[in-house]
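Chemist: Would you mind keeping the following structure in view while I ask a few things?
The values are calculated or read from the model by the stated rules, or taken from the named source; none is laboratory data. Worth saying up front: this structure is predicted, and the values here are computed from it rather than measured. Note: ideal-geometry Cβ built from the backbone for every residue, glycine included; neighbour counts use all protein chains shown. Keep in mind that these areas ignore ligands, DNA and RNA; they rest on the heavy atoms of the full protein, side chains included. Shrake-Rupley method; radii C 1.70, N 1.55, O 1.52, S 1.80 Å.
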Amino acid sequence: MHSVLIKALVSSSPDYDRLFEALSWPSESWPETERLEALAAFIEGLGAVWGDAPSFPASKRRHIQDRIESILLTRCLPLLHRMSAESGGEARCRESSAAVCRLVGACVPLCDAAVAGRVARSVLPSLQPPEDESPSPGRLGAEVASEVVAALVPSLSADAQLTRTLLASALSCVKTLPDALVSKVTVRLLLPLLNASDAARVSGVAASVVGDLCAWHCADRSPVATERALLCLTALSDHLLGPDARAERDPRLSPRFWRIVQDGLMHRDNVSRKRALYLLKRCVALSEEEGLDSPPPPPSGEDEALFTWSPSKSRLLREFWEDYALVMETLEENQVHVVRPVLNRIDTLIQTAVEDRQTAGQGLLHPSWLLCVYQRMFHSENKSLMREGVCHLLELRVLHQPAFALAFSQFIVGPFMDVLSETSLFHRSVGQSVADCPELAAKLQVFMGVFFSSLPSEQRGCVLLQLIQQLGSKHWCAVPLLFIAQALSKLPPAPLLGTEGLAALREVLRCTMITHQILLRGAAQRFLLNSALCLTDVSAVTLEDVFGFLMHFNADESLCRRSRLWDQLCAWLSDNEGRFKHRVVGGVSTDAAAKTETVRAYVQHEICTYLQVPASKGQAERLPDSREADKLARAILLCVHMESSRVGSEIGNTVESLLSPLLDTLRRVSTNVYLPLRKSDKSLQLVLRLLQCIGEERDDLTAAVEKVVLGVADSVQEFIFRQLCGELRELFDVERAEMYLSVVRRLVVLYHSAPQHRHELQHSDIPKLVKYSLKVLQEPGPQDPPVANQVVRAVAMASLATVCGLMEHDVTDVPSGTFSLLKALNAYFYSSLPSSSQTQSFAGNFNERLMKPQTVGCCGDVEVQNALLQDWGRIAASFMRDQWVCLSFLLRAVGVPEAPETPRAALSCSVEALALLPSDLVLPVFTFMETALPQLPLDEEELCVEAVTRSWELVQGLSTNARDFWPALKGFVSMAFHHKLLEMTHTEAVKLKATLKQIALELMELSQSKSGVFGVLVQHCCHTWLPTDPPPDPDAVFLSVFSYVSVVTEACVYGPVLRRDQRLILDVQAHVEQLGEQSADNVGFASNSRDDQLPRTCVLGFLSRLDSSNPQHQQLMEELVLALLKKDNDISKSKVRYYSNSLQHRVKNRVWQTLLLLLPKLREDFVATVLNRVFEAGFCSNQASVKYLIEWMMILALVYYPQHMDSFWSCFNTDQEKTKTSICTFLSVLVHFSVIMPNLKDKAAQLHKALDITLQWCFNHNFSVRLYALLALKKVWSLAEAQAEEEAVDLKGMSSVVKACLNQAEAMQSSGNANKNWIRIQEHFFFGDFHPVRDYSVETIFYTFPSLSELTDDEWIPPWKFEKLSSFSVSPCVPLRNPCPDLSRLQPGDWIQQDKTDQDKEERWAEVQKKITPWRLGIQEQEPELQLVPPQRAARLGKLQGALLVVASLIDKPTNLGGLCRTCEIFGASALVLDSLRHVEDKHFQSLSVSSELWLPLLEVKPVELAAFLQLKKTEGYCIVGVEQTANSQSLEHYQFPERTLLLLGNEREGIPANLLQTLDVCVEIPQQGVIRSLNVHVSAALLIWEYTRQRLASKRA
């Protein structure tokens, strides 16, 4: 109607000017969208009648053209510029710009031909990227400009030059515009340009587009370039890959096009992957249709052909690419159960590619397509799918072939190494134990060896170098790097690495391992060094390269003396001596004389070179870099070790001859005033590093080095003390003093074997140093202190801290003169103490600040001095730290002056120091607080609370800094939980005690995210409460434990955390520890402190030492038992899901383990009060391991205290509903009645009672209960018979009944699965080999029982962990190890699964018949209720039943089951099989089933019973149909269902388990068209059930 009105208006109104005026708008205004649309419609109407000559003479036509051109140039374009500059009103601008562009499109065809080009050229600059980012007032927005050009394109087709310019601009927009505009430009510009081109030019335009895109992608293979190139190519695919496509524009001939497709298949964006696969499919289809022959091989220097086609192999290629597309589409699912069935298609692809290469030489199938599959799996968001891809590649046999290994090499070095950086890949596999090597890591070791062995020999070194460089190119997490290093260390020895290889390994050590855990870092270093020893080409590296590389190995973590790795390194150096590349020094090769360079010659040359220093310039010099000394010290020790292994070599002579230049320098260091300071510094650095490297363990080398050092000790000591006493005055001298003091500490240790030197030090040098330092500190400082003044003060305080530290650790004795000087030092610190009337915020010289000096007038390198001044804060912090080192020693050695306010002021200053000092320097403050804090809690509670709170906040802030956190935590715990603070009664310092309790809770909380934290607290507290060396008043100390019963309780149930990342680290640490000597020695790391089982083993050791005769100990045990029973009861009543190995299961297990340990020490009257609570716990739903412990607890309680048998018998009279299956717990106790009976008084009466009870339960409707009752009856009856023989008791009346019952039971159990269960329960460890009294031990409770109860292995506590505890007490009543080894030889039995709770969805009843299993034994009395009733009900309503049996035992969501039940009932299925009939009671089930369960037979078959159930149904003639996508699945639209069909449905997440797939007769899948390749399980089942019903109805009609 719109067009009719316009036509009528145009034809009936010849006055067009008035219409133009009415529809136009003022040039500066913004017209309404309706006006623009009306004007466009009017001009389009004019165009419809434009060809009518009588209506439009030439003059009128020219006039109208002028008006239209005016509107175009003076109205439309300015309006578009204003719109582009408009900042707000985006919706308005968008609507108006669209209307204007439509108006432009209507105007251009009616204007002169040159107008379109003129407008296009004016718009073109807007499509070019701007020279700068600032907006230009004359530019249109890119989106508006593209719309304008799109409107002009039909009018520009004749101008080839302008078309090419527009094309270049459009392609430029594709590369530069934001993502949101790229697709619009592609659709609005590229496509119209191609569509507007004639047939002759379209090929050139298309070829130009493809060439430009391919060149851009080749230059920039970024994800953005790939994504945008694919967008354009897909949009133009009809022109490029259509039926009329020509060879010149065929992208299939360009290798660069296929690179784009391959990058698209591996792209992170799923839309780009879909576009790439679409192009691949189009190319394959077109190639098959045309029969395209292989393109000619590319010229040399160009990319090789990635896609080829041969008509003679059309079928092979079609099948290959169909499988390839299927694999790539399936990988989009990101679900393992969907992808796993098509993994065999990958093997098919690989085999096809291999066979093609073998037969065709170059081959039609390039290996790079296979890499796309793996890359796609590596990019998957699903970690399980990523792991599948990695494992599949690691097992790829095709890499045994050199050609494929070489083709895969860059992929292995690049993407494969990238994916290996994912830590989660290295989790333990199912079935692996703690400390096992992860499955993927073991496969990686094999793969690396095979891969490098398969590479061409000339390529191995290059590929290995690239791989190592990849390791050093980014930061790697500890676990992946460890296992990659281990895999490299397993490579066969070969000369592959030269100087560049050692440099790459050095980069890995230097850059990527700084933040790793010490244990893992040391192991990785060891593996990397082993790799270097096996793979280095010694003829390509010099000894300088080797020792420079060794410098990066930490002696405390990996390469320490006397380790196996040290010996291997020495042996390697010896074996290759003389074969290393000769050094060139000053243009002359070092082999000029001897032709070979030995390690000894190298070391001697290096020592001489090291000690050669230029003459002093008279300026202050910085301390030399200590790394030179590190490298040389290690080289010296390695050389001495090598020499000592040779026959006739004397180690002392070797050391002395090697070090003779050094010793000569040190002998003259105190007397030669012309000796350059740099030379003496370097000599002392080397001596210090040698003493540090030899370690403290005594051997011949240690003795030899100490001997030569003691020979020059007097000279060194004299020089150092002279320097410390006033000669160190420059900024550089601060770090020099630190080095001198380190040498002094090492010398003092050496003096234990040289008393004469020690006497001189103690009675002369140290007093002199203390006196001088004290004098320096006591001198008042100037207002603007010079550098020399402040440096002297810093050196003096550091010297005093060193002396105090030596005395603190009893390294040196304290002469009386020195002690008086220390008292003076103490007086200096406490001088000027405030009186009570003065402020108390400052005390004496505590926290004295070292003011920043000025460098005016100082000598030396001013720039370097200024750089040091910028780090003055660190010097000042060390100055304050040294004060607290002195104060903490003086507080214990001298005490504080006797003034009322002194202790308070001192503690206040220590709190202030926590805020002033860096976090890594606060340990001396904690040490001071540890002594000061216990003296003040009663008088200064608020201050004590502040001190503890501030300290705890500081420690918490360090939780991400492992190096400083652990020492700070230990210092804090020792301070805050000091035994004197713990000893306070509940009425003393209430607020402080509450604060400490809160901190203890926060420590437990922190331990959930940081393993080992709680262990520090528990270790300290247990040692405090019950020290190995009893204090004078042990009871006073022990009483404090009653304030922390909650801590003890939590420690009893504390265990391994469940976070997967932490679990992985702990598993890998256990694996490294298990490697022992094969791994790093890690002498500086004690991993046990981070063991999550440590808090529990510590507290159990503490409990083992409690004395039952001590009333306080007895009280603690009783409070602990009550707390543990409450915790167990709370878990039982909670609504948190309780499944196998859940946190709730683990905690309950730990509770009952602790209770069992304490039971022999408990008082009889207390046991009487809690025994009923133990019986009540037996009625709860418990996992197998917990159930056995409770039963064991009952048995032992009745053995120790048989007078409580009546309470036990009353448990069998509890409400029947409550005791459905939990009665099995009490029947299990009766199985061990033989252990209880010897302590009973009236044995005959008790036997009769036992027989009566067991007989009653033998007739229970529950099969499991009957089984337990029969076993108990059998055991009790054998006892009764033995008793009757001994005491001539007449049991004939009962004998006939019992024997008849047992005979009938044996007859019932004579065949089938019932027989298996009867045999299994009798062979089960708890009823067979286990003896409750004989096997009572710590080993059985904490190790054997958990392992036999299928508790996860990180819950097992081996006996050696208790043996390592010095605090663990072994007593006759609680032995550590089980004297009888029978239990330890057993394996977990099948019957264990029957004790799992019904709440556990993962339970596996070992073919145990439940109440409703008519298919199993055909129990006739149950059929009317379960099979006949629903059909009868349905028959009354005229409803027909089919033969379809639907099995949903693998489905666990009630909503799906409820809907499925309803569907089955509607379409007349014969029955629905569930894993548990409890589902029908679920409200979610009922909300969807709408009572259909009343009309449909429901059967119960557990998942583990499915295999047997399916086999049974096969024998009955059923066809087993699985609903699953597999490689051989049949489409639903073609499959004909047999009448007797069993439909097996898979789990919602995992599908049908692999173990059931082989039992299926056929797999049926539903045809799908979408991208998401999965349906809800109920929807899938409904489709198949309907198709089955439809086919049955159709057959009946036929």
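Chemist: Please work out the Cα center distance from the stretch 961-1020 to the stretch 492-553, rounded to the nearest Å.
Modeler: Between the Cα centres of the stretch 961-1020 and the stretch 492-553 lies a distance of 42 Å.
Chemist: Tell me whether the stretch 1125-1276 comes out rounded, prolate or oblate; compute the Cα gyration tensor, take square roots of the eigenvalues as a ≥ b ≥ c, and use a/c under 1.5 as the rounded threshold. Walk me through the numbers before you get to the answer.
Modeler: Details: a/c = 2.00, a/b = 1.21, b/c = 1.66.
Because a/c hits 1.5 or more and a/b fails to exceed b/c, the stretch 1125-1276 counts as oblate.
Chemist: On to the next question. If I model a spin label at K991 and Q466 as a point 7 Å from the Cα along the Cα→Cβ vector, what separation in nanometres do I get?
Modeler: 6.9 nm
Chemist: Which FRET efficiency, nearest 0.05, do A962 and E1533 yield, Cβ-Cβ r, R0 51 Å? Don't skip to the answer; put the middle values down first.
Modeler: Working: r = 61 Å, r/R0 = 1.20.
That gives a FRET efficiency of 0.25.
Chemist: For the stretch 611-678, what ratio Rg/Rh do Cα atoms give with a Kirkwood hydrodynamic radius?
Modeler: Values: Rg = 15.4 Å, Rh = 14.2 Å.
That ratio equals 1.08.
Chemist: Another one. Can you give me the long-range amide H partners of T536? Hydrogens built in the peptide plane at 1.01 Å from N, cutoff under 5 Å, separation of 5 or more residues or another chain.
Modeler: Answer set, sorted by chain and number: L496, L497.
Chemist: In the P(r) worked out for the stretch 1172-1214, what percent of Cα pairs fall beyond 12 Å? Walk me through the numbers before you get to the answer.
Modeler: Details: 535 of 903 pairs.
Distances greater than 12 Å cover 59 percent of the Cα pairs.
Chemist: I would also like to ask the following. Please compute the length gained on full extension between L1593 and K281, using 0.36 nm multiplied by the number of residues separating them and subtracting their Cα-Cα distance.
Modeler: Values: separation 1312, 0.36 × 1312 = 472.32 nm, distance 3.98 nm.
Full extension of this stretch gives 468.3 nm more.
Chemist: Determine the shape class of the stretch 545-586: with a ≥ b ≥ c the square roots of the Cα gyration tensor eigenvalues, call it rounded for a/c under 1.5, and otherwise prolate if a/b is greater than b/c, oblate otherwise. List each step's numbers first, then the result.
Modeler: On the way: a/c = 4.30, a/b = 1.57, b/c = 2.75.
Taking the square roots of the gyration eigenvalues as a ≥ b ≥ c, the stretch 545-586 is oblate.
Chemist: Less than 19 Å apart at the alpha-carbon level, and either on another chain or at least 8 residues along: which lysines does that give for K1010?
Modeler: K970
Chemist: Could you tally the net charge around F426, taking each other residue with its Cβ under 10 Å from the Cβ of F426, Lys/Arg +1 and Asp/Glu -1?
Modeler: Working: positive: R387, R428; negative: E422, E439, D1067.
Every neighbour counted, the sum reads -1.
Chemist: Next up: Under a cut-off of 23 Å between alpha-carbon atoms, report the lysines in cross-link reach of K679, not counting same-chain residues fewer than 8 places apart.
Modeler: K617, K631, K707
Chemist: Right, here's the next one. At 0.36 nm per residue, minus the direct Cα-Cα distance, what do A827 and L406 gain on full extension? Give it in nm, one decimal, please. Don't jump to the answer; show the numbers that get you there.
Modeler: On the way: separation 421, 0.36 × 421 = 151.56 nm, distance 7.73 nm.
Separation in residues times 0.36 nm, less the Cα-Cα distance, equals 143.8 nm.
Chemist: Pairs to check: K1161/K1364; K1135/K1187; K1148/K1502; K1187/K1299; K997/K1126. Give those whose C-alpha atoms are more than 28 Å from each other in this structure.
Modeler: Values: K1161/K1364 23 Å; K1135/K1187 19 Å; K1148/K1502 26 Å; K1187/K1299 30 Å; K997/K1126 20 Å.
With Cα atoms farther than 28 Å apart: K1187/K1299.
Chemist: Can I ask one more? R0 = 56 Å: FRET efficiency of N382 with L124, Cβ-based, nearest 0.05? Intermediate results must be reported in sequence, preceding the final value.
Modeler: On the way: r = 48 Å, r/R0 = 0.85.
Rounded to the nearest 0.05, the efficiency is 0.75.
Chemist: In addition: Multiply the residue gap between E779 and E898 by 0.36 nm, knock off their C-alpha separation, and tell me the result in nm, one decimal place. Can you show the working numbers first?
Modeler: Values: separation 119, 0.36 × 119 = 42.84 nm, distance 2.49 nm.
Full-extension gain reported as 40.3 nm.
Chemist: May I pose another question? Leaving out same-chain residues fewer than 8 places away, which lysines sit with a Cα under 18 Å from that of K175?
Modeler: The qualifying lysines are K184.
Chemist: Considering only protein heavy atoms and a 1.4 Å probe, what is the carbon-and-sulfur percentage of the accessible area of the stretch 1151-1292?
Modeler: Numbers: 2510 of 5190 Å².
In the stretch 1151-1292, the share of accessible area belonging to carbon and sulfur is 48 percent.
Chemist: For labels at S24 and E355 in the simple 7 Å Cα→Cβ model, what's the distance in nm?
Modeler: According to this spin-label approximation, the distance is 7.8 nm.
Chemist: Could you rank the peptides 574-580, 516-522 by their average count of other C-beta atoms within 10 Å per residue, with the highest value first? Don't skip to the end; give the middle numbers.
Modeler: Details: 574-580: 15.3, 516-522: 23.3.
Packing proxy ranking, top to bottom: 516-522, 574-580.
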